[in-house]
1. Label region A:380-503 by shape, choosing from rounded, prolate and oblate, from the square roots a ≥ b ≥ c of the eigenvalues of the Cα gyration tensor; if a/c is under 1.5 it is rounded, and otherwise prolate applies when a/b is larger than b/c, oblate when it is not.
2. Give a residue-ordered list of calculated ³J(HN,Hα) values for region A:3-16 (Karplus: 6.51 cos²θ - 1.76 cosθ + 1.60, θ = phi - 60°; whole Hz; x for Gly, Pro).
3. Whole-Hz ³J(HN,Hα) for each residue in region A:77-89, computed from phi via Karplus 6.51 cos²θ - 1.76 cosθ + 1.60 with θ = phi - 60°, x for glycine and proline: what do you get?
4. How far is helix A:367-381 tilted off the main Cα axis of chain A, in degrees rounded to 10, range 0 to 90?
5. Relative contact order for region A:293-430: what is it in percent, counting Cα pairs under 8 Å that are at least 6 residues apart?
6. Scanning chain B for helices, which whole DSSP H stretches are 24 Å or more long along the axis (Cα) and average 1.6 or more by Kyte-Doolittle?
7. With no solvent and one equal point scatterer per Cα, compute the Debye intensity ratio I(q)/I(0) for region A:200-276 at 0.12, 0.13, 0.18, 0.25 Å⁻¹ and report its log10, rounded to two decimals.
8. Once a ≥ b ≥ c are taken as the square roots of the eigenvalues of the Cα gyration tensor of region A:239-331, is the result rounded (a/c under 1.5), prolate (a/b larger than b/c) or oblate (a/b not larger than b/c)?
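Taken together, the values in this text are just the output of simple stated rules run on the coordinates, not laboratory data. Just so we're clear, the structure is a prediction, and the values are computed from it rather than from any experiment. In this analysis, Cβ positions are derived from the backbone assuming ideal geometry, glycine residues included, and neighbour counts consider all displayed protein chains.
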Amino acid sequence: MKTLVVLPVLIPLATAIVTIFLGRSLRGKILVSLVGGGATFASALLLLRSVWSWGTVVHVMGSWSPPFGIILVADLLSSGMVLLSSGVALVALCYSVGYVDEEGQRLAYHPLFHLLMMGIHGAFLTGDIFNLFVFFEILLISSYALVAFAGEDYQLEASLKYATINLIASAVFLLAVGGLYGVMGTLNMADLSLKIGGLQEPGPLPTLFLLFIAVFGVKASLFPFYFWLPDAHSSAPTPISAMLSGVLIKVGAYSILRISSVIFVPLRPDVQDWILTLAAVTMVVGACGALAQSDVKRLLAYSSVGQMGYIILGLGIGTPLAWVSTLLFIVNHALCKAMLFLTAGVVIEATGTREMGGMGGLARQMPWTAGAFLIGTMGIAGVPPLFGFFAKFLLIQAALEAGHGFLAALAAGLAIVTLWYLFAAWQQIFWREGSGRALHPAPRLMKGSGLVLAGVIVVGTIFLNPLVDFLQAVEAQLRQPEAYVTAVFREAQHATASTEEPK
Amino acid sequence: MTTLLAITIGVLFGTGAFLVLRRNALKVIIGLSLISHGANLLLVASGGFAGNRPPIIGPGGGVYVDPLPQALVLTAIVISFGMTAFLVVLLYRLYQRTGTVDMDQIRRLRG
């Protein structure tokens, strides 16, 4: 049962290795890759089910008991995020089979994609700060390579910028880790939680907390570290854009949530103003940036910046309602933005241009794609029937209840701006008089992948109540870091006991 | 010893930051690797680095230095080596295609 925690990390790794050694056999690679993606998704489902029924699952790697060894911990948040990311990844993988050219698939596309998944799942599941750094580097280096995958000038440039800013962030991450180890003498999250909880004087800890937030802010595209995102997310191959915008930036948000709910619990009020200010500016920057774009992928990328602002804002407000809305936002944005990128890719493939000015009137020729894009637009903008609306509604309500009237007004105002630029984009691409040019039909697999995600969003809206109940359970668990610590150390005792038995 | 380490770390970070702000992308990469060396040194220092003491407990105990930061630094060095190698290859591809390593001339994506 406990080995279940390892599977979402191990299956992508195994798939990556097998796809490397399959040589140049295209069919074999695609088959193994899809089976691996499916198996990862299935293991994530099983993991979430077992965490839901039996509570937090902890696996001690290599029988080195914590706080010395590395552990993988799956609580509701981790396993939920793994399920979300492996689901989006599976859809993006199916899309890639139709999208990436054969030569690329014969070369390194599939191994890199699975290594990316491995890094993301490892970052969600690890219970050790340094191990988090290692998984970050795994997911980053595969994403640098994937952004530059087709080798066009602009992709290489975007990848270079993305890599540079993230390498600096990695160095700062190491600084923060070194500082934390110097002060507390441990890097295990549960152990840190215990030791920091018992401190009288915070000492340099608020500084270290802010350093961690800056590092994770680079991944989560928090202002002022967002400027690599529009380049990288719009230049990457479309399925990779969907992965980056849908899942990868959430790793940053997840990490901030994790360290502020487990490690730095008593210090949260100290940094709250910083987080709220940065989140508010991020929202404004993202919305203004998106308004100015004519390239559809760049518009979606800027919109991701703005939406990450909302997610971090909820994190910063920190009341139970705000965290539930943040989690709902994460689910909503992951599904909708991945779907928007995938359908935008279909449109780009069909028209051969990324400029929205060169499109138009496509609703008649590709009604399903137009419908899917509309659902994504409504989801991100927060139009009532879809659950994106409830995410925004709950966030604004939480801001008002916590006495942040200005932030609530800002969030509401920028929601209207979001509505404006997204519907303007939809109208420009699908509705107005068309240019009447002949369309190049996109592969069925690409169209279908977008529709699957649109279906998931509709189903999620229908089953909103169970979803919100689940997110409330996740939030309730985040409020009890003691339970996390207990689960880890209970497992530590088990591990020590079982290694001593053979003697 | 700690003072010497602190000065070295400061110099590495300062030089690295200066180089990262150059327009020549190759210098940026060198600056990045200097910064990561600085970070690695700081990680070593965080374990209470003390001259000639070994990071293992010898026969009969005795003084030793905390081995964990040294293990962490090994990992971090390998990672930063890999990243630097990747960046150099990336820049070389960019140089082959554009014929320059000046970021101002390479830059196409804006806005």
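1. Working: a/c = 3.49, a/b = 1.64, b/c = 2.12.
Judged from the Cα gyration tensor, region A:380-503 comes out oblate (a/c at least 1.5, b/c at or above a/b).
2. With coefficients 6.51, -1.76 and 1.60, one gets 5, 4, 5, 6, 4, x, 8, 6, 4, x, 4, 4, 4, 4 Hz.
3. Ordered by residue, 3J(HN,Hα) equals 4, 4, 5, x, 5, 5, 4, 4, 6, 6, x, 4, 5 Hz.
4. 40
5. 31
6. Working: long enough: B:2-20 (27 Å, 1.99); B:25-46 (32 Å, 1.65); B:68-98 (45 Å, 1.35).
What comes out of the filter, once short or polar helices are dropped, is B:2-20, B:25-46.
7. Calculated log10 I(q)/I(0) at the listed q: -0.39, -0.45, -0.73, -1.12.
8. prolate
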